[in-house]
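Following: one structure in structure tokens, then a few remarks.
The values are calculated or read from the model by the stated rules, or taken from the named source; none is laboratory data. In this text, all values refer to a predicted model and were calculated from it rather than measured experimentally. Methodologically, a virtual Cβ is constructed for each residue, glycine included, from the backbone with ideal geometry; neighbour enumeration extends over all protein chains shown. Keep in mind that these areas ignore ligands, DNA and RNA; they rest on the heavy atoms of the full protein, side chains included. Shrake-Rupley method; radii C 1.70, N 1.55, O 1.52, S 1.80 Å.
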Amino acid sequence: MKIIAVNAGSSSLKFQLLNMPEEHEITSGLVERIGYDNAVFTIKIDGKKVKKETPVPNHKVAVELVIEGLLEHKVIASLDEIKGVGHRVVQGGELFKDSVVITDQVVKDIESLNDLAPLHNPANITGIEAFRELLPNVIQVAVFDTTFHQTMREDAYLYAAPYDWYKKYGVRKYGFHGTSHQFVSERAQELLGNKDAKIIVAHLGNGASLCAVDGGKSVDTSMGLTPLEGIPMGTRSGNIDPAVLMLVSEKENKTYEEVLNDLNKSSGYLGVSGISNDSRDIVENMLQGHYRATLAHRIQIKRIADYIGSYYVYMGGLDAICFTAGIGENAPEVRKDVINAIKVLGITLDEEENQKRGERMISTADSKVKAFIIPTNEEVMIAREVLRLNK
Ligand code: AMP
């Protein structure tokens, strides 16, 4: 059966059409610059990207464009072939402990969490509403970035701040990248042949987070109330003393919002190196001896190792660490330096395997803690959830 996985942003809509339960990608694509006259619709046909520039005033028109594209290129013969739609929703708060079949009430509940994810949830809802309007009789499922982490205990998810902030405003750690952490850790359990395994997933992309998974459950993760917390990323600072906000806002005559924007958009690899947010540029310049690119890399490795050490202690051991996402899957230098930084845990890198791509073990056969590359697939995870709830 054909299921479409959707990721709607404020001005973009990404989709992937999958055959389930085979988990086979039929096609994928995206609409960019929604809200503009020169929006671009891209769809993959026979492995090639077909592009079309056209005005797309809103998400409903974007969804119409996707459906028309699927019909025009004969990917589907009729709309009836689409049996389910899975929507990525960033913030599920404490309301959603599982994926859910979308109803009017569910849309209202997602809206009630807008304060916690003002940039993401409203955009996710526009995607949901557009698909519900065009495919009213098809099951639609919301899959949240946060639900996988709802198994964290209070000592892991609460900040040591006034408890009232948690009770009144929901100030706590929620964590993100949940579909990816779940997909990768489930695969690692299979590879290890152990459902009770203690696993750390390092989702290292432009956004990056780590997750400690014990017996299939997330017990801690590095992102927090928002995706700004945790390890440094392409343009995000990760953890920083909040007092920096006041100091920099005074010195640079900026509002807190502007400084927060700097921490989200001008920090991490980009801020430290002064070159780029892209790990390829960081690694390339580091290999040529660029001081600040090297520093950006070294800070990154140290912070990742800090988390791994703390998760090792919190879980009382570790069976495997898994690298995934753009950097985790493609940057052998990053994997190598992370593994070297944590070798005290009993992990040894297989240098040759580490140079290769695709799913594989990259630790030596006698390594006590195993290391894997496991390419993530959030779309498959979303489609699996649609299938599971389509009873
Ligand atoms: P993602 O957010 O998962 O799409 O990952 C984006 C990040 O992956 C960017 O920082 C890219 O530089 C990085 N990336 C993608 N391909 C490579 C590669 N071949 N080598 C190193 N980094 C890569």
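Below are the figures for this structure:
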read-out: Residue 226 open to solvent by 20 Å² or more (accessible area, probe 1.4 Å), of a type in the set (Val, Ile, Thr) and in contact (Cβ under 8 Å) with a residue 12 or more places away in the chain; value: yes
read-out: Among (1) under 23 Å from residue 122 (Cβ atoms); (2) touching a residue at least 12 places away in the same chain (Cβ under 8 Å); (3) of a type in the set (D, E, K, R); (4) away from the ligand (no atom under 16 Å from the Cβ), the one test that residue 145 misses; value: (4)
read-out: Options 243, 208: the member that is more than 15 Å from the chain's Cα centre (by Cα) and either within 19 Å of residue 320 (Cα to Cα) or surrounded by fewer than 19 Cβ atoms within 10 Å (Cβ to Cβ) (or both); value: 243
read-out: Index of the failed condition, residue 127 passing every other in (1) part of a helix (DSSP H, G or I); (2) farther than 21 Å from residue 223 by Cα; (3) open to solvent by 10 Å² or more (accessible area, probe 1.4 Å); value: (3)
read-out: Residue that is farthest from the ligand (Cβ to nearest atom), among those in region 304-338 that are surrounded by fewer than 18 Cβ atoms within 10 Å (Cβ to Cβ) and over 14 Å from residue 362 (Cβ atoms); value: 316
read-out: Matching helices (runs of 4 or more DSSP H) fully within region 259-369 where at least 1 residues are over 27 Å from residue 240 (Cα atoms); value: 279-287, 325-330, 332-341, 351-354
read-out: Selected residue (criterion: modelled with the lowest pLDDT) from residues of region 100-124 that are open to solvent by 10 Å² or more (accessible area, probe 1.4 Å) and polar (S, T, N, Q); value: 114
read-out: Condition broken by residue 56, with the remaining ones in (1) over 30 Å from residue 261 (Cα atoms); (2) more than 26 Å from the chain's Cα centre (by Cα); (3) open to solvent by less than 50 Å² (accessible area, probe 1.4 Å) satisfied; value: (1)
read-out: Subset tally (residues that are within 12 Å of the ligand (Cβ to nearest atom), open to solvent by less than 40 Å² (accessible area, probe 1.4 Å) and of a type in the set (A, V, I, L, M)) for region 246-285; value: 2
read-out: Close pairs from region 44-73: first within 15 Å of residue 11 (Cβ to Cβ), partner among the charged types (D, E, K, R) and assigned to a strand (DSSP E or B), Cβ under 6 Å, at least 6 apart; value: 55/37
read-out: Test: residue 389 is open to solvent by 10 Å² or more (accessible area, probe 1.4 Å), touching a strand residue (DSSP E or B) at 6+ places or on another chain (Cβ under 6 Å) and under 30 Å from residue 86 (Cβ atoms); value: yes
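Results for (1) in contact (Cβ under 8 Å) with a residue 12 or more places away in the chain; (2) under 30 Å from residue 98 (Cβ atoms); (3) open to solvent by 10 Å² or more (accessible area, probe 1.4 Å), shown as yes or no for each residue.
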site	(1), (2), (3)
348	yes, no, yes
351	yes, no, yes
355	yes, no, yes
359	yes, yes, yes
363	yes, no, no
367	yes, no, no
373	yes, yes, no
379	yes, yes, yes
